[in-house]
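The values are calculated or read from the model by the stated rules, or taken from the named source; none is laboratory data. Note that the structure is predicted; figures quoted are calculated from it, not measured. Glycine also receives a Cβ, built like all others from the backbone with ideal geometry; neighbour counts cover every protein chain displayed. Ligands, DNA and RNA are excluded from the accessible area calculation, which covers all protein heavy atoms including side chains. Shrake-Rupley method; radii C 1.70, N 1.55, O 1.52, S 1.80 Å.
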Amino acid sequence: MGNRTFAIIKPDAVRNGNTGKIYDRILQADFKILAAKLLKLTKAQAEGFYAVHKQRPFYEELIDFMSSGACMILALEKDNAVSSWRESIGATNPEEAAKGTIRKDFATNVQKNAVHGSDSDENAEKEIGFFFTESELIANQ
Ligand code: ADP
Ligand code: MG
């Protein structure tokens, strides 16, 4: 069993029809999908998930955006899953994201940047636990 990370295909990417293309990137990078769920976040869920950013100037708009439409939420597994997924998605701002990264190819701007990725093993476990029960991680059973 490898490490786990948490990913979201954000409302901009789902709305733009990029879910399947982003799934392909996930599978091409050899991640195992442990669980997936299409979910429209409530404001309260988005606020809870991004509580760490509460003081940042973009927080309110981020909450509105993240609760504006369906998200595909995913628990992923791979050796070094957190750093590997961060590498696949690229920099927060697509203008700074490396060629071939998901954000470079699918993001609209620094807010509507197509995908989320956990930033540490500790946060990955917290984020997976925020949206999934252990028994929902079915590929793990
Ligand atoms: P990352 O998603 O790369 O870990 P952060 O944790 O810093 O980036 O920010 C969380 C999310 O908040 C980003 O993915 C993006 O949607 C949004 N965001 C970050 N910085 C800005 C900004 N300067 N302006 C608007 N939205 C932002
Ligand atoms: Mg982050």
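Ligands, DNA and RNA left out, the 1.4 Å accessible surface of the chain is 49% carbon and sulfur atoms. Applying 1/(1 + (r/R0)^6) with R0 = 35 Å to the Cβ-Cβ distance of GLU125 and LYS99, what FRET efficiency is obtained, to the nearest 0.05? Computed FRET efficiency for GLU125 and LYS99 comes out at 0.65. The modelled label-to-label distance for the pair GLU134/TYR23, using points 7 Å beyond Cα in the direction of Cβ, is 2.9 nm.
Per-residue packing, averaged as other Cβ atoms within 10 Å, sorts the ranges 100-108, 27-35, 78-86 into the order 100-108, 78-86, 27-35, beginning with the highest. Within straight-line reach of LYS126, meaning a Cα separation under 22 Å, sit the following lysines at least 8 residues removed in sequence or on another chain: LYS10, LYS32, LYS37, LYS40, LYS43, LYS54, LYS78. Annotation: extensible slack from ASN109 through SER68 equals 13.2 nm (criterion: 0.36 nm per residue apart, minus Cα-Cα distance). Ligands, DNA and RNA are left out, and with a 1.4 angstrom probe the accessible area of the chain is 52 Å² per residue.
Under 17 Å of direct C-alpha separation, and excluding same-chain neighbours fewer than eight residues apart, LYS104 reaches these aspartates and glutamates: ASP12, ASP24, GLU87, GLU95, GLU96. Averaging the sequence gap over all C-alpha pairs within less than 8 Å and six or more residues apart, then dividing by the number of residues, gives the chain a relative contact order of 39 percent.
Structural size metrics of the chain, computed from C-alpha coordinates, are Rg and Dmax of 14.0, 42 Å.
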